[in-house]
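Asks: Before I ask anything, let me first share the structure, which is written out below as structure tokens.
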Amino acid sequence: MQELKILYLYPDILELYGDYGNIQVLQYRMEKRGIKCIIDKYSIGDEQPNFLEYDIVFAGGGADNEQSILAEDLVKYKENIKEAVQNGVFFLLICGAYQLFGKYYKGVEGNIIEGLDIFPYYTEAITDRKKRCIGNIVLEVELESNKKTKVIGFENHGGQTYNSLSPFGKVLYGNGNKFGDDKEGFFLGNVIATYLHGPLLSKNPELSDYIIKYCLDRKYNQNTELKQLEDTFEQQCRTQLLEKFLKKA
Amino acid sequence: MNYIYMIILKFINILLKLAGKQGGNVLGKIAKKLNPNFLKFFKIDCPVIAVTATNGKTSTNNCIAYTLEMAGYKVISNKQGNNMETGIISTLLKNSTITGKIKADYITFEVDESYVPKIFKIFRLDTLVVLNFFRDQLDRNGEVETLILKINEFLKTYTGNLVLNNDDPNVARLGQANPQNKNIYYYSVDKYQYATKTMTDAGEGKFCPFCKTRLEYEYYQYSHIGKFKCPKCDYGNNEIYKKAENVDLKNKTFEIEGIKYNINENSIYTIYNYVAVQSIMSIYNIETEIVLKAFSQFALNNGRLEKIQIKGIPTTINLAKNPTGANVSLRLLKEDEEEKELLFVLNDNIADGFDVSWIWDINFDKLSENKVTRIITAGTRYYDIAIRIKTSGFDPNKIIPCPDLEKAVKELYKTTTKKYVIANYTALQPIRKELLKYK
């Protein structure tokens with residue numbers, strides 16, 4: 001039986017916007033195909049994990065004031081994480097976690113929270129606390145060359161992210177990395193860092209399967225043919241929402 | 001000048017009435033345009049009680065008014081739930097003389113969390129009740145911590161009665177906002193039958209608000225409500241004013257100081273609301289006999305744990321506008337040992353928040369094990385909720401997405417199994433109307 005191991009970072013802190021749903025979706029889609037899904041959780045005070053032992057590392061978004069406590073903890077694993085990224089471990093980083101993997105996060109009062117500095121982007125909070133990029137968002141992403149797909153989610157962030165050299169997608173509706181941006185997130189073959197909640201994978205089965213296939217190919221050194229799943233709800237949801245949002249755009 | 005405004009507003013009120021409109025906020029909106037400080041104009045010489053919380057404001061406020069009325073007092077209250085400044089001004093306008101005088105024995109309000117400081121900076125307040133704080137429509141309200149800090153700031157100079165839920169670490173902390181205030185009353189509910197050792201649903205308040213240490217819980221009643229304490233600074237260890245004990249949901253009873261109260265609901269979260277009301281009645285020396293009678297008769301019947309028979313089939317309707325609201329509703333359904341079907345209506349209108357991610361914080365686990373045989377989903381995001389339920393492991397063949405409310409109700413009553421209906425904010429009244437039409 002094939003199996004994939006997920007490391008779920010700070011489940012008790014980065015859990016504000018239902019991001020855990022991403023793991024539930026991955027687990028669901030793996031188990032429906034007879035792939036065993038192992039989920040290990042790590043939070044402050046737990047034994048140090050070895051990031052290299054995992055197929056997928058996941059972290060979500062949290063409350064602003066808890067983010068700094070967490071940044072101090074995460075930075076201890078910087079080298080290990082860097083190695084895992086280079087080794088091809090898949091990283092799915094949402095919102096706060098997206099920001100933490102960059103150079104730094106500059107808060108409203110000008111305070112700097114050092115990031116892991118693994119990716120080249122950095123984030124600065126907009127000084128007006130009331131201004132946030134909030135709303136439904138639709139992206140066009142190219143997961144594999146010449147294969148474009150639309151990704152639907154919800155963004156809610158005050159931080160404006162700059163210098164994302166390889167964005168996750170083109171914004172068709174919504175804001176993106178900054179107010180009125182045409183780019184969103186950060187993407188390497190094995191890294192998706194994005195502001196999209198929703199949870200992201202719940203409305204984007206193609207994206208979920210991209211991650212699963214990537215991990216199976218890497219782990220078992222093969223070209224996996226994933227079994228098609230019954231996705232009627234997901235496809236109808238996409239049709240409904242794309243029509244609703246893109247009509248407005 | 002205000003007198004002239006008053007005459008105009010009274011006149012508009014008559015027109016609204018003739019047009020058959022409630023005018024829940026309209027009058028207040030006009031009044032605020034005429035004079036932004038209109039609230040100051042009213043003359044009040046009776047106690048003012050206010051209830052705020054994420055969940056349970058309307059039920060609790062109505063129960064307070066109901067009990068005081070049963071005691072023979074004239075009560076003015078925003079019973080319909082118009083809980084922002086404009087709604088409160090409207091309620092006062094309808095009940096005041098041209099000179100702004102309010103003739104009442106008590107005024108009780110439910111107040112939106114974010115409006116507490118705004119309103120009571122200028123309006124009289126004698127007793128404030130805070131029931132709970134949960135995550136709620138994050139895209140509209142922002143993080144719950146921001147709201148708490150705003151109320152905490154207001155309470156720093158407040159010296160009136162403060163009635164607080166001691167089992168919610170987000171609420172009990174407000175008792176320390178003003179060390180000079182001696183009128184703090186903490187209430188609590190003793191461990192109930194389905195309390196758990198670990199948190200089973202999404203919750204807040206994991207860390208001590210004073211020293212940031214992780215809080216320790218003896219048990220959780222629901223969400224993050226339970227017996228907690230900070231191991232480092234002892235936060236949470238307060239003297240309890242009123243405590244509900246021997247909670248018996250099956251027989252719908254609980255005890256306070258050895259006296260058994262009968263109620264019409266069977267959910268743990270409503271027990272908390274009743275203890276809050278009982279605390280207030282005790283503060284105002286309302287006779288226990290009257291409170292007992294009021295509690296045994298009180299039923300809100302507007303889609304908050306409302307029980308109706310539709311074509312002879314028992315149906316429970318409950319509002320759920322955030323994860324905790326939905327989780328307590330589902331808990332009720334899971335605690336029910338009979339077979340049942342669920343209708344979940346999810347909207348994403350402005351008043352609901354556009355972000356429906358919160359449905360992933362709802363605990364849909366073990367629905368089929370708990371004898372849920374079929375689920376119908378409706379509302380503007382009917383597919384989102386269908387996907388959510390499917391991913392929790394519930395058989396997708398038993399989920400029927402149905403965008404149209406009328407059709408959804410028809411579908412629901414194809415079988416004679418007991419029904420539960422859960423709807424979020426803007427979905428509640430429309431589905432309730434459809435259900436009653438089908439009756």
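The values are calculated or read from the model by the stated rules, or taken from the named source; none is laboratory data. Model, not experiment: these values are computed from the prediction. Heads up, the Cβs are rebuilt from the backbone with ideal geometry, glycines too, and the neighbour counts pull from every protein chain shown. Ligands, DNA and RNA are stripped out before the accessible areas are found, and what is left, the full protein with its side chains, is counted by its heavy atoms. Shrake-Rupley method; radii C 1.70, N 1.55, O 1.52, S 1.80 Å.
Asks: Give the residue, chosen from B:256, B:310, that is assigned by TED's automatic domain parsing to the domain that holds residue B:421 and farther than 16 Å from residue B:55 by Cα.
Replies: Values: B:256 fails: assigned by TED's automatic domain parsing to the domain that holds residue B:421.
Being assigned by TED's automatic domain parsing to the domain that holds residue B:421 and farther than 16 Å from residue B:55 by Cα holds for just one of B:256, B:310, which is B:310.
Asks: Still on this structure, I have one more. Give the residues of the range A:1-30 that are more than 9 Å from chain B (Cβ to nearest Cβ) and either among the acidic types (Asp, Glu) or not in a helix (DSSP H, G or I) (or both), sorted by residue number.
Replies: Once the filter is applied, which keeps residues that are more than 9 Å from chain B (Cβ to nearest Cβ) and either among the acidic types (Asp, Glu) or not in a helix (DSSP H, G or I) (or both), the range A:1-30 yields A:1, A:2, A:3, A:4, A:5, A:6, A:7, A:8, A:9, A:10, A:11, A:14.
Asks: Something else about it: Sort out which residues of the range B:220-252 are under 17 Å from residue B:363 (Cβ atoms), in contact with a Ser or Thr (Cβ under 8 Å, 6 or more places away or on another chain) and in a strand (DSSP E or B), and write them in order of number.
Replies: Correct list: B:220, B:222.
Asks: Which count do you get for residues in the range A:144-168 that are farther than 26 Å from residue A:79 by Cβ, open to solvent by less than 20 Å² (accessible area, probe 1.4 Å) and either away from chain B (no Cβ under 13 Å) or not in a strand (DSSP E or B) (or both)?
Replies: Qualifying residue count for the region: 4.
Each row is one residue, and each column tells you yes or no for (1) in contact with a strand residue (DSSP E or B) (Cβ under 7 Å, 6 or more places away or on another chain); (2) open to solvent by 10 Å² or more (accessible area, probe 1.4 Å); (3) farther than 30 Å from residue B:138 by Cα.
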{"position": "B:242", "(1), (2), (3)": "yes, yes, yes"}
{"position": "B:254", "(1), (2), (3)": "yes, no, yes"}
{"position": "B:267", "(1), (2), (3)": "no, no, no"}
{"position": "B:273", "(1), (2), (3)": "no, yes, no"}
{"position": "B:277", "(1), (2), (3)": "no, no, no"}
{"position": "B:289", "(1), (2), (3)": "no, yes, yes"}
{"position": "B:305", "(1), (2), (3)": "yes, yes, no"}
{"position": "B:315", "(1), (2), (3)": "yes, no, yes"}
{"position": "B:329", "(1), (2), (3)": "yes, no, no"}
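Asks: Scan the range A:96-108 for residues that are open to solvent by 40 Å² or more (accessible area, probe 1.4 Å) and within 14 Å of chain B (Cβ to nearest Cβ) and jot them down.
Replies: Within the range A:96-108, A:108 is the sole residue that qualifies.
Asks: Turning to a different aspect of this structure: I'd like the residue in the range B:333-388 that is on the phi > 0 side of the Ramachandran plot and surrounded by fewer than 21 Cβ atoms within 10 Å (Cβ to Cβ) and, out of all such residues, is nearest to the other protein chains (Cβ to nearest Cβ). Can you show your working first?
Replies: Quick first cut of the range B:333-388, residues on the phi > 0 side of the Ramachandran plot only: B:353, B:366, B:371, B:379.
Keeping just the survivors that are surrounded by fewer than 21 Cβ atoms within 10 Å (Cβ to Cβ) gives B:366, B:371.
Numbers: B:366: 14, B:371: 23 Å.
Result: B:366.
Asks: Could you look through the range A:122-136, keep only residues that are without any contact (Cβ under 8 Å) to a residue 60 or more places away in the chain and not in a loop (DSSP other than H, G, I, E, B), and pick out the one that is surrounded by the most Cβ atoms within 10 Å (Cβ to Cβ)?
Replies: A:123
Asks: Kindly provide the set of residues from the range A:82-95 that are part of a helix (DSSP H, G or I) and either touching a strand residue (DSSP E or B) at 6+ places or on another chain (Cβ under 7 Å) or crowded, with 22+ Cβ neighbours inside 10 Å (or both), ordered by number.
Replies: A:84, A:85
Asks: Out of the residues in the range A:188-206 that are more than 10 Å from the chain's Cα centre (by Cα) and either within 10 Å of another protein chain (Cβ to nearest Cβ) or assigned to a strand (DSSP E or B) (or both), which is surrounded by the fewest Cβ atoms within 10 Å (Cβ to Cβ)?
Replies: Checked the range A:188-206; the qualifying residue surrounded by the fewest Cβ atoms within 10 Å (Cβ to Cβ) is A:188.
Asks: Looking at the range A:31-63, which of its residues are aliphatic (A, V, I, L, M) and away from chain B (no Cβ under 14 Å)?
Replies: At the first step, the residues of the range A:31-63 found to be aliphatic (A, V, I, L, M) are A:35, A:38-39, A:44, A:52, A:56-57, A:59, A:63.
Passing the criteria: A:35, A:38, A:39, A:52, A:56, A:57, A:59.
Asks: How many residues, within the range A:94-120, are under 15 Å from residue A:82 (Cα atoms) and aromatic (Phe, Trp, Tyr)?
Replies: Going through the range A:94-120 one residue at a time, the tally reaches 3.
Asks: Can you spot a residue in the range A:67-77 that is touching a residue at least 40 places away in the same chain (Cβ under 8 Å), facing chain B (nearest Cβ under 9 Å) and surrounded by fewer than 22 Cβ atoms within 10 Å (Cβ to Cβ)?
Replies: Within the range A:67-77, one or more residues are touching a residue at least 40 places away in the same chain (Cβ under 8 Å), facing chain B (nearest Cβ under 9 Å) and surrounded by fewer than 22 Cβ atoms within 10 Å (Cβ to Cβ).
Asks: Could I ask something else about it? Does the range B:75-82 contain any residue that is among the charged types (D, E, K, R), in a helix (DSSP H, G or I) and either within 23 Å of residue B:171 (Cβ to Cβ) or outside the structural domain of residue B:262 (by TED's automatic domain parsing) (or both)?
Replies: no
Asks: Taking the residues in the range B:394-404 that are more than 8 Å from chain A (Cβ to nearest Cβ) and out of contact with any Asp or Glu (no Cβ under 7 Å at 6 or more places or on another chain) as candidates, determine which candidate is least open to solvent (accessible area, probe 1.4 Å).
Replies: Among residues in the range B:394-404 that are more than 8 Å from chain A (Cβ to nearest Cβ) and out of contact with any Asp or Glu (no Cβ under 7 Å at 6 or more places or on another chain), the one least open to solvent (accessible area, probe 1.4 Å) is B:394.
Asks: Considering only the range B:1-54, state which residues are touching a strand residue (DSSP E or B) at 6+ places or on another chain (Cβ under 8 Å) and of a type in the set (Val, Ile, Thr).
Replies: Matches in the range B:1-54: B:44, B:48, B:49, B:51, B:52.
Asks: Okay, next question. For the range B:4-16, state whether one or more residues are in contact (Cβ under 8 Å) with a residue 60 or more places away in the chain and under 22 Å from residue B:164 (Cβ atoms). Before the answer, list the steps.
Replies: Step one: of the range B:4-16, the residues in contact (Cβ under 8 Å) with a residue 60 or more places away in the chain are B:6-7, B:9-10, B:13.
This time we only want the ones that are under 22 Å from residue B:164 (Cβ atoms), so: none.
For the range B:4-16, residues in contact (Cβ under 8 Å) with a residue 60 or more places away in the chain and under 22 Å from residue B:164 (Cβ atoms): absent.
Residues checked against (1) more than 23 Å from residue B:13 (Cα to Cα); (2) in contact with a Lys or Arg (Cβ under 9 Å, 6 or more places away or on another chain); (3) at pLDDT 95 or above:
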residue	(1), (2), (3)
B:63	yes, no, yes
B:75	no, no, yes
B:79	no, no, no
B:82	no, no, no
B:111	no, yes, yes
B:116	yes, yes, yes
B:155	yes, no, yes
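Asks: Another question about this same structure. Name the residues in the range B:76-122 that are touching a Cys at 6+ places or on another chain (Cβ under 8 Å), open to solvent by 10 Å² or more (accessible area, probe 1.4 Å) and more than 19 Å from residue B:58 (Cβ to Cβ), would you?
Replies: Those that are touching a Cys at 6+ places or on another chain (Cβ under 8 Å), open to solvent by 10 Å² or more (accessible area, probe 1.4 Å) and more than 19 Å from residue B:58 (Cβ to Cβ): B:104, B:105.
Asks: Looking only at strands (runs of 3 or more DSSP E) that fall completely inside the range B:253-353, which ones have 1 or more residues that are over 30 Å from residue B:135 (Cβ atoms)?
Replies: Result: B:253-256, B:259-262, B:306-310, B:313-319.
Asks: Give the residues of the range B:398-436 that are without any contact (Cβ under 8 Å) to a residue 24 or more places away in the chain and either part of a loop (DSSP other than H, G, I, E, B) or among the β-branched types (Val, Ile, Thr) (or both), sorted by residue number.
Replies: Selection gives B:414 alone.
Asks: From the residues in the range A:211-237 that are under 24 Å from residue B:396 (Cβ atoms), open to solvent by 30 Å² or more (accessible area, probe 1.4 Å) and in a helix (DSSP H, G or I), which one is farthest from the other protein chains (Cβ to nearest Cβ)?
Replies: A:213
Asks: Considering each of B:20, B:24 in turn, give the residue that is at pLDDT below 90 and under 29 Å from residue B:155 (Cα atoms). Talk me through it step by step, then tell me what you get.
Replies: Values: B:20 fails: under 29 Å from residue B:155 (Cα atoms).
Being at pLDDT below 90 and under 29 Å from residue B:155 (Cα atoms) holds for just one of B:20, B:24, which is B:24.
Asks: Report yes if residue B:64 is part of a helix (DSSP H, G or I) and touching a residue at least 40 places away in the same chain (Cβ under 8 Å), otherwise no. Write out each step before concluding.
Replies: Details: part of a helix (DSSP H, G or I): yes; touching a residue at least 40 places away in the same chain (Cβ under 8 Å): yes.
Here the answer is yes, as residue B:64 does meet what is asked.
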